[in-house]
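Chemist: Here it is, the structure, as structure tokens.
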Amino acid sequence: TMARSEGLLVLENFIAGKFVPCSSYLDSYNPSTGDVYCRVPDSGKEEVEAAVKAAKAAFPIWSSKSPLERSRILNKLADLIEHDLEAFAQAESKDQGKTITFARTVDIPRAVYNFRFFASSILHHTTECTEMASVGCVHYTSRAPVGVAGLISPWNLPLYLLTWKIAPAIACGNTVVAKPSEMTSVTAWMMCKLLEKAGVPHGVVNVVFGTGTKAGEALVCHPDVPLISFTGSTLTAQRITEKSAPHCKRLSLELGGKNPAIVFDDADLSQCIPTTLRSSFANQGEICLCTSRIFVQRGIYSEFLKRFVAEAKKWKVGNPSDPTVDVGALISKEHLEKVRSYVKKAQAEGARVLCGEGVDSLALPTGNQKGYFMLPTVIAEVKDESCCMQEEIFGPVTCVVAFDTEDEVIERANGVKYGLAATVWSSNVGRVHRVARRLQSGLVWTNCWLIRDLNLPFGGMKASGIGREGAKDSYEFFTEVKTITIKH
């Protein structure tokens, strides 16, 4: 009641179709002002236990529904979110710090599409059948949902990445216990309010709010949760792997990236520069697919750098709810400090910061002085061994370096522990195919960025993760396959 009297939004866990208060709460900040703006349940073992129990109880009925029945419910949920698109976008922008424009055009439309996509794809999966006439046998496969799915989603694209997990999980007939990031829980809570209206039976989708160390760990360690889908840091994923090993859980882990863009001297810079600015700085650089290492062939290096920096300086940083703003606030004070520390390290190593942090002054509107803002920052002359070229910074910072030959740039691009996404800029079709084949990367975009067909596999190599998600891939992850042999 005290929190309510402060006029703050107070979230509650959603378990077995009801909102349930929690015994303790965490503060969640509005990143653009630095003020506390909502209270999030600080759930632990007890709450997770109740949610898993509800999910287990709902499983028999939900899993026995036909794909068409589940599909109708997913489509209805998509319609309800779309109907409230503006309210969801406003909440996402306020809670996460991203610009209202990005939330309106990317986050919420994609969350809606996630439900529509899996509502459709679930109707089109077929199973295999083979015959062995010589021994009079027919073999076929059958797929069944696994059970309770534990879904843990991050703070950078809150509803977008949560629904990318919930949609395939429930489309396949599983029930769900989801744990969004404690820093960005509002849109998940808003979605819970629509579940009953969409026809989602009680207990099919349960949402428990809280930290990774308490709520997340309880979910990962729960013996009745056979499957975990996680998006977040490689460090957390190592912990999840260790904790889930005794239970032999199946894991899908989508982790960090240190994604290269390779710009050959025959690239069309009129396309390359605006797209590479977006791939470096969109959503404040807080996307696992963002470009943070730009390799430019020596012949066009100085021209690229001049044009790239000039355009980066035009990006407007400020109040996320202002539709003319390009860059919003970073997620937290701690995260902003961490991102800034990388720029300081680069300077200490003798790299040149060409624009942004510590070079240009940042003028913020009156109400946003205490927010967690940072200018798009471009660093040149960074050594490949530098932590700025090796570690995921996850902010509006990108490093630009020169290269000479194709072989050299492939080796350097592959020379990090990550392997999530890469972009290649060239008008030579043969080169594009050659380079794409040799890059150790789960996704390679050529002359574009972030164009996704949800049918196709999404995921990373090396420290960027385990497993793939997409139409067929998610279906395989969220179901158990059985081979049945009949002798006739």
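Chemist: For Leu375, which sequence-distant residues (separation of 5 or more, or a different chain) have an amide H within less than 5 Å of its own amide H, given hydrogens modelled in the peptide plane?
Modeler: Glu357
Chemist: Quick one: grab Rg to one decimal and Dmax as a whole number for the stretch 121-229, Cα atoms only, in Å.
Modeler: 17.7, 61
Chemist: Tell me, what ³J(HN,Hα) does each residue in the stretch 344-350 have, in order and in whole Hz, if you take phi through Karplus 6.51 cos²θ - 1.76 cosθ + 1.60 with θ = phi - 60° and put x for Gly and Pro?
Modeler: 4, 4, 4, 4, 4, 7, x
Chemist: In addition: Counting pairs on different chains as well as pairs 8 or more places apart, how many Lys pairs in the stretch 259-446 have Cα atoms under 15 Å apart? It would help to have the intermediate numbers written out before the result.
Modeler: Details: Lys306/Lys314; Lys333/Lys370; Lys344/Lys383; Lys345/Lys383.
Count of close lysine pairs: 4.
Chemist: For the stretch 402-407, what does the Karplus curve 6.51 cos²θ - 1.76 cosθ + 1.60, with θ = phi - 60°, yield as ³J(HN,Hα) per residue in whole Hz, taken in order and with x for Gly and Pro?
Modeler: So the Karplus estimates, Gly and Pro as x, are 9, 9, 9, 10, 4, 4 Hz.
Chemist: Oh, and also: If you average over every viewing direction, what projected area does the convex hull of the Cα atoms of the stretch 444-487 give, in nm²? Walk me through the intermediate numbers first.
Modeler: Working: hull surface 19.9 nm².
With the hull built on Cα positions only, its mean projection is 5.0 nm².
Chemist: Sort 373-380, 162-169 by packing, meaning the average of other beta carbons within 10 Å per residue, with the highest value first.
Modeler: Details: 373-380: 24.2, 162-169: 27.8.
With the highest mean Cβ count within 10 Å placed first, the list reads 162-169, 373-380.
Chemist: Now, a different point. Report the per residue volume, in Å³, of the convex hull enclosing the C-alpha atoms of the stretch 81-169.
Modeler: Numbers: hull volume 10.6 nm³, N = 89.
Value for the stretch 81-169: 119 Å³ per residue.
Chemist: Just to be sure I understand the model, the point goes 7 Å from the Cα along the line to the Cβ. What's the resulting Asn75 to Val20 distance in nm?
Modeler: If labels sit at Asn75 and Val20, their model points lie 3.3 nm apart.
Chemist: So how far apart, in nm, are the two label points at Val429 and Asp265 if each is 7 Å from Cα heading toward Cβ?
Modeler: 2.4 nm
Chemist: Just going by the charge dipole of the stretch 259-446, with Lys and Arg at +1 and Asp and Glu at -1 on Cβ, which of Val400, His335, Ile262 is farthest out on the positive end?
Modeler: Result: His335, furthest along the dipole toward the positive end.
Chemist: ³J(HN,Hα) across the stretch 100-116 via Karplus (A = 6.51, B = -1.76, C = 1.60, θ = phi - 60°), whole Hz, x for Gly/Pro?
Modeler: 4, 4, 5, 4, 5, 9, 10, 4, 6, x, 5, 4, 4, 5, 4, 5, 5
Chemist: How far apart, in nanometres, would the label points at Arg250 and Cys448 be if each is projected 7 angstrom from Cα along the Cα-to-Cβ direction?
Modeler: 3.1 nm
Chemist: Return the long-range amide H neighbours of Ala149 (sequence gap of 5 or more, or a different chain), with a cut-off of under 5 Å between placed amide H atoms.
Modeler: It is Thr175, Val176, Val177, by chain and number.
Chemist: Based on alpha-carbon atoms only, what is the radius of gyration of the stretch 412-463 relative to the globular estimate 2.2 N^0.38 Å? Spell out each step's value before the answer.
Modeler: Numbers: Rg = 11.2 Å, N = 52, 2.2 N^0.38 = 9.9 Å.
Taking the Cα Rg and dividing by 2.2 N^0.38 Å, one obtains 1.13.
Chemist: Using the crude model of +1 on Lys and Arg Cβ and -1 on Asp and Glu Cβ, and no other charge, please compute the dipole size for the chain relative to its Cα centre, in debye to 20. Intermediate results must be reported in sequence, preceding the final value.
Modeler: Values: 54 positive and 52 negative charges, 129 e Å.
Magnitude of the dipole: close to 620 debye.
Chemist: I would also like to ask the following. Sorted by average packing, counted as other Cβ atoms within 10 angstrom per residue and highest first, what order do 14-22, 175-183, 478-486 take? Don't skip to the end; give the middle numbers.
Modeler: Values: 14-22: 17.3, 175-183: 26.6, 478-486: 13.8.
So the order, starting with the most tightly packed, is 175-183, 14-22, 478-486.
Chemist: State the three equivalent ellipsoid semi-axes of the chain, derived from the C-alpha gyration tensor as the square roots of 5 times its eigenvalues, in descending order and whole Å.
Modeler: On the way: eigenvalues 292, 182, 71 Å².
Working from the Cα gyration tensor, I get semi-axes of 38, 30, 19 Å.
Chemist: Also, quick follow-up: Out of the DSSP beta bridges found with both residues in the chain, what percent are antiparallel (nearest 5)?
Modeler: Numbers: 31 of 72 bridges.
Bridges in the chain are about 45 percent antiparallel.
Chemist: So for each of 386-397, 241-252 I average, over its residues, the number of other beta carbons within 10 Å; can you give me the resulting order with the highest mean first?
Modeler: Numbers: 386-397: 21.5, 241-252: 15.2.
Per-residue mean Cβ counts within 10 Å order the peptides as 386-397, 241-252.
Chemist: Ok, one more. Residue separation times 0.36 nm, minus the C-alpha to C-alpha distance between Ser341 and Thr127: what's the value? Provide the component values of the computation, followed by the final result.
Modeler: Working: separation 214, 0.36 × 214 = 77.04 nm, distance 5.19 nm.
Full-extension gain reported as 71.8 nm.
Chemist: Output the Cα-based Rg and Dmax of the stretch 1-86 in Å, rounding Rg to one decimal and Dmax to a whole number.
Modeler: 17.2, 48
Chemist: So in the stretch 259-446, what percent of DSSP beta bridges are antiparallel if you round to the nearest 5?
Modeler: Working: 3 of 25 bridges.
Beta bridges within the stretch 259-446, antiparallel portion: roughly 10 percent.
Chemist: PRE reach from Leu68 (point 7 Å along Cα→Cβ): which of the stretch 109-146 fall under 13 Å by backbone N?
Modeler: Of the residues in the stretch 109-146, 123-124 have backbone N under 13 Å from the label point off Leu68.
Chemist: A follow-up question, please. Hey, what D do you get for the stretch 259-446 in µm²/s if you plug the Kirkwood alpha-carbon radius into Stokes-Einstein at 4 °C and 1.567 mPa s?
Modeler: Numbers: Rh = 16.7 Å.
Rounded, D is 78 µm²/s.
Chemist: Moving on to the next point. Between Tyr25 and residues 5 or more places away or on another chain, which pairs have amide H atoms under 5 Å apart, with H built 1.01 Å from N, and which residues are they?
Modeler: The list, which skips near neighbours in sequence, is Asp42.
Every read-out reported here was derived from the displayed coordinates using simple, explicitly stated rules and does not represent laboratory data. Keep in mind that this is a model prediction, so the values were computed, not measured. Here Cβ is always computed from backbone atoms with ideal geometry, including for glycine, and neighbour counts include all displayed protein chains.
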